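Asker: Take this structure first; my questions come after.
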Amino acid sequence: MNYFVRLWLGFTLALTIVNGAQVSFELSGTTLKLGGIPYFVSPSPISQLQLGAASKQIQSIGKAFPGGLIPFSAITTDAAFLDQNSVQRTLNAWASLDDVWSTSFLTGLFISFNGTSRSPVVSLSNSAKGLGAQVVLTSTQYASGTKASEKLAPGPYFVEASTGNVYQVFRLYNDENQAFVYGTVPDGNGGFAELSAHVEGAATETIAVPSRLHYTATKEKPLAGKRLAVKDIYDVQGLKTGCGNRAFFELYPAKNKTSPAVQRLLDGGMVLVGKTKTSQFANGETATGDWVDLHAPYNARGDGYQDGSSSSTGSGTSMGAYSWLDYTIGSDTGGSMRGPAGVNGVFGNRPSHGAVPLDDVMPLSPELDTAGIFARDAKSWATAGHWWYQNFTSAKSFPKKILFPTDTSGSSSLTTPPAAGTANAMFNTFITKLEKFLGTNRTEVNFAGMWNTTKPANSTAPSLAVLLNTTYADLITLDQIALLADPFIADYKAAHGGRTPFINPAPFNRWGYGRTLPSTQKVEAIANKTTFMNWFSSQVVKPNATSCSESLFLYPQSSGSTNYRNIFRSAPTAPFGFSANRIAVHAETPDMVVPIGELAYNSTITGVTEFLPVSVSFIAAKGCDLMLFDLFAALQDAGIISPVKTGSRLF
Ligand SMILES: *[C@@H]1O[C@H](CO)[C@@H](O)[C@H](O)[C@H]1NC(C)=O
Ligand SMILES: *[C@@H]1O[C@H](CO)[C@@H](O)[C@H](O)[C@H]1NC(C)=O
Ligand SMILES: *[C@@H]1O[C@H](CO)[C@@H](O)[C@H](O)[C@H]1NC(C)=O
Ligand SMILES: *[C@@H]1O[C@H](CO)[C@@H](O)[C@H](O)[C@H]1NC(C)=O
Ligand SMILES: *[C@@H]1O[C@H](CO)[C@@H](O)[C@H](O)[C@H]1NC(C)=O
Ligand SMILES: *[C@@H]1O[C@H](CO)[C@@H](O)[C@H](O)[C@H]1NC(C)=O
Ligand SMILES: *[C@@H]1O[C@H](CO)[C@@H](O)[C@H](O)[C@H]1NC(C)=O
Ligand SMILES: *[C@@H]1O[C@H](CO)[C@@H](O)[C@H](O)[C@H]1NC(C)=O
Ligand SMILES: *[C@@H]1O[C@H](CO)[C@@H](O)[C@H](O)[C@H]1NC(C)=O
Ligand SMILES: *[C@@H]1O[C@H](CO)[C@@H](O)[C@H](O)[C@H]1NC(C)=O
């Protein structure tokens, strides 16, 4: 067994040699390699084993382990009889369930009984040679911490030979796609701390994940043990919120409160493993020139050198890259969930506006901001969606009407060369399967034309392109200047002798545009947005009592086109114009992105054929999010859509 303590990490050593002042010495955890795999051991014990008669034996085993930390496995059983074979069966199951536990944790075996009758007969020799264990303890020799609830959950741990202290163990992963700002571990006070560990990697963060074996999903905690990373615009107690800006990160202290949106997911049992990169202040940025403060995360699909879209870039790229991560959350104001979901080939949604509270989350525009979640399969996506969007209800049936826009304003990506032709065939095949599933035929609509023929009588707007050309740009710039830019710049100047903080080109230019607008502009923008929203819900996608939404409005989200990182682009400008992407933004409806395939291209990076994702966006009436989640789960059961893998290929 290859075992060595690599480093006692990051202790805070504050030495003040004044009048007998205190020395502060705080261990912040240990990194070590066991069987060649890097692990992190929490600094504070979570329990203590009463070693009793086994004490001498354990201390002697501990001599072989630096720091006296003995790797061991806790097994919980309700079996009345336990022999080597039954233990082996459990361990075999663990090996396929969990990436943290390994046979290296078999030096010690701790068996606790959770059965209803009497204690089990344990027919294992004290050395249990066949399993490689040097010592076997059973729960009769054990008293957990103070509370019964602190009994050891099944899985891997370290026990300190001299004290019997039990430490939680995390496996360490390298964030090779540079998607994270930092990894996190619980701080023991209901909050989180930045992970102090680091494994080998070029300019990368390290992420620590706990064993999956510790958690069992229940009705109260349906997401128990699911590993979550959050976009670095959500506040989490104990952590700084950086919003993709170095000056902002440096200026403000760690937060003392977790945003309710994140807390809801933690309450459902998710475990937070890190904060992911956002493009600056959640404004749209394209790799890599726009990303001055942080380096743009790498999209894992295709050749690995495609833009990961924005602004929930780290959350989208990490979902497409890391099988050790289950969920990531981001936000969508004008496409910040849907863009990354599309190009990273994962499931991702913009929910109905107001689906979850956004207190303690950085604002772009409160009228438009929403909180979405990424996943790699429709069913686990639905589980999380039902938990998070708790105030919505499912529908009795699915809609019987499919609307598909044929005009370019409704489906801009249809016209994007070179892949569009092939992507069209893929969209067509998918919609044909959906028609069969729902027992209907699609209705092709000219979206811009619908406005012309059914627009409200009192509207003077000749077209949607005129009505909504600047609405989005006006709202996000005016709101963000008032709610974030002005107070931040003032705070920074006050703290830095009048100096201005650095702002990336995209937010800088957008705020610059916003500062030119008259004070009446926001009222006008909201009036236009409301006109569109009311028109959309009365003329295009109507609510329905049985299917929640009368129809499903589909449009292409990603078409397998390239968008290389190593391209020099023109400077970013304010986001004008109207496209299909803006429908849900102004209509406050859900817009959910589902990967349906991948298309081949010849990579200028690798010189060989690679593949990029093709995905479809689904819009339904406002508040029908759970109907859509249920539909996708049903489509996955029917084999019409499939879970996606991590890495270069989706399937
Ligand atoms: C005992 O724990 C095991 C492992 O966690 C679990 O599968 C089993 O259902 C538990 N039994 C009871 C009676 O709680
Ligand atoms: C939490 O932080 C806020 C903002 O910095 C501050 O106003 C508040 O007093 C803090 N609350 C506590 C309990 O420390
Ligand atoms: C959902 O409902 C609960 C209970 O009524 C309420 O406290 C909460 O604010 C609601 N959330 C949203 C996002 O409306
Ligand atoms: C769909 O169109 C086909 C061919 O035009 C027709 O045979 C079929 O009845 C239609 N199905 C529905 C549900 O309208
Ligand atoms: C809608 O009306 C505008 C203004 O008259 C016109 O420019 C546009 O072509 C029309 N669009 C469609 C699809 O009819
Ligand atoms: C148009 O009419 C609707 C419904 O009566 C009203 O709510 C809206 O404010 C009007 N819009 C304009 C631009 O007058
Ligand atoms: C609102 O719509 C009118 C057309 O009715 C358009 O001229 C104006 O530019 C729009 N303003 C905003 C802020 O969207
Ligand atoms: C949209 O607004 C921008 C900025 O005012 C302007 O340059 C552009 O011509 C407008 N486009 C349309 C279609 O109105
Ligand atoms: C709901 O949709 C169904 C099927 O399209 C339709 O028959 C029904 O009339 C709709 N109900 C309402 C209240 O619009
Ligand atoms: C890749 O290049 C080869 C050789 O030029 C060509 O035959 C093939 O069609 C190309 N494939 C794609 C997907 O563009």
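Asker: Looking at segment 534-614, which trypsin sites (Lys or Arg not before Pro) are DSSP coil and have at most 13 other C-beta atoms within 10 Å of their C-beta?
Answerer: ARG569
Asker: How much net charge surrounds ALA382 when only other residues with a Cβ under 15 Å from its Cβ are counted (Lys, Arg +1; Asp, Glu -1)?
Answerer: Result for the neighbourhood of ALA382: -2.
Asker: For the pair SER123 and ILE567, how long in nm is the line joining their label points, each one 7 Å along Cα→Cβ?
Answerer: 6.8
Asker: I'd like the carbon and sulfur percentage of the solvent accessible area for the chain, probe radius 1.4 Å, heavy atoms only, ligands and nucleic acids excluded.
Answerer: 53
Asker: In the structure displayed, which of LYS226/LYS401; LYS275/LYS379; LYS151/LYS257 lie more than 31 Å apart, Cα to Cα?
Answerer: LYS226/LYS401
Asker: Report the Rg/Rh value for the chain, based on alpha-carbon coordinates and the Kirkwood definition of Rh.
Answerer: 1.02
Asker: Put +1 on the Cβ of every Lys and Arg and -1 on every Asp and Glu Cβ in the chain; which of SER538, GLY52, HIS214 then has its Cα farthest towards the positive end of the dipole?
Answerer: Looking along the dipole axis, the top candidate is GLY52.
Asker: Past 28 Å, Cα to Cα: identify those pairs from LYS219/LYS396; LYS240/LYS645; LYS436/LYS542, in the order given.
Answerer: In this structure, LYS240/LYS645 lie more than 28 Å apart at Cα.
Asker: Among DSSP beta bridges lying fully in the chain, give the percent that are antiparallel, nearest 5.
Answerer: 70
Asker: Would you mind calculating the gained length between HIS295 and ASP637 on full extension (0.36 nm times residue separation, minus the Cα-Cα distance), in nm to one decimal?
Answerer: So the extension gain works out to 119.2 nm.
Asker: Moving on. Decide, for segment 171-388, between rounded, prolate and oblate: order the square roots of the alpha carbon gyration tensor eigenvalues as a ≥ b ≥ c, take rounded if a/c falls under 1.5, and otherwise choose prolate if a/b is larger than b/c, else oblate.
Answerer: In terms of gyration-tensor shape, rounded.
Asker: A follow-up question, please. Just order 463-476, 482-495 by mean Cβ neighbour count inside 10 Å, highest at the front, would you?
Answerer: Packing order, densest peptide first, comes out as 463-476, 482-495.
Asker: For THR333, list long-range residues whose amide hydrogen, built 1.01 Å from N in the peptide plane, is under 5 Å from its own amide hydrogen.
Answerer: Sorted by chain and number, the residues that satisfy this are THR370.
Asker: What relative contact order, as a whole-number percentage, does the chain give when Cα pairs under 8 Å and 6 or more residues apart are counted?
Answerer: Relative contact order here is 12 percent.
Asker: Something else: List the cysteines of the chain that have no other Cys Cβ closer than 4.7 Å: which are they?
Answerer: Cysteines of the chain left without a disulfide-compatible partner: CYS243.
Asker: Computed over the Cα atoms of segment 165-296, what is the convex hull's projected area averaged over all directions, in nm²?
Answerer: For segment 165-296, the mean projected area of the Cα convex hull comes to 9.2 nm².
Asker: While we're looking at this one, here's another question. Count charges around LEU97 for me, please; just the other residues with Cβ under 15 Å from its Cβ, Lys/Arg as +1, Asp/Glu as -1.
Answerer: In short, +2.
Asker: For the chain, with only Lys/Arg (+1) and Asp/Glu (-1) charged at the beta-carbon, what is the dipole magnitude about the Cα centre, in debye rounded to 20?
Answerer: Charge dipole of the chain: 800 debye, to the nearest 20.
Asker: Based on the mean of other Cβ atoms within 10 Å per residue, sort peptides 342-353, 586-597 so the most packed one is first.
Answerer: Peptide ranking by packing, descending: 342-353, 586-597.
Asker: Moving on to the next point. Accessible area per residue for the chain in Å², computed with a 1.4 Å probe and the full protein assembly in place, what is it?
Answerer: Result: 39 Å² per residue.
Asker: Let me know the charge dipole size of segment 171-388 about its Cα centre in debye, to the nearest 20, where only the beta-carbon of Lys, Arg (+1) and Asp, Glu (-1) is charged.
Answerer: About 700 debye.
Asker: Determine, for each peptide in 574-580, 216-222, 550-556, the mean count of other beta carbons within 10 angstrom over its residues, then list the peptides with the highest first.
Answerer: Per-residue mean Cβ counts within 10 Å order the peptides as 550-556, 574-580, 216-222.
Asker: Just to confirm a number: summing +1 for Lys and Arg and -1 for Asp and Glu over residues other than LEU612 whose beta-carbon lies under 12 angstrom from that of LEU612, what do you get?
Answerer: Local charge sum for LEU612: -2.
Asker: Assuming a ≥ b ≥ c are the square roots of the Cα gyration tensor eigenvalues, decide whether segment 464-604 counts as rounded (a/c under 1.5), prolate (otherwise, with a/b larger than b/c) or oblate.
Answerer: In terms of gyration-tensor shape, oblate.
Asker: Can I ask one more? What 222 nm value per residue comes from the helices of the chain, counting each DSSP H run with n ≥ 4 as -39,500 (n - 2.57) and dividing by all residues, nearest 500 deg cm²/dmol?
Answerer: Dividing the helical sum by the residues of the chain leaves -7000 deg cm²/dmol.
The values are calculated or read from the model by the stated rules, or taken from the named source; none is laboratory data. Being a predicted model, the structure only gives us computed values, none of them experimental. Heads up, the Cβs are rebuilt from the backbone with ideal geometry, glycines too, and the neighbour counts pull from every protein chain shown. Accessible surface is based on the protein model in full, side chains and every heavy atom, while ligands, DNA and RNA are left aside. Shrake-Rupley method; radii C 1.70, N 1.55, O 1.52, S 1.80 Å.
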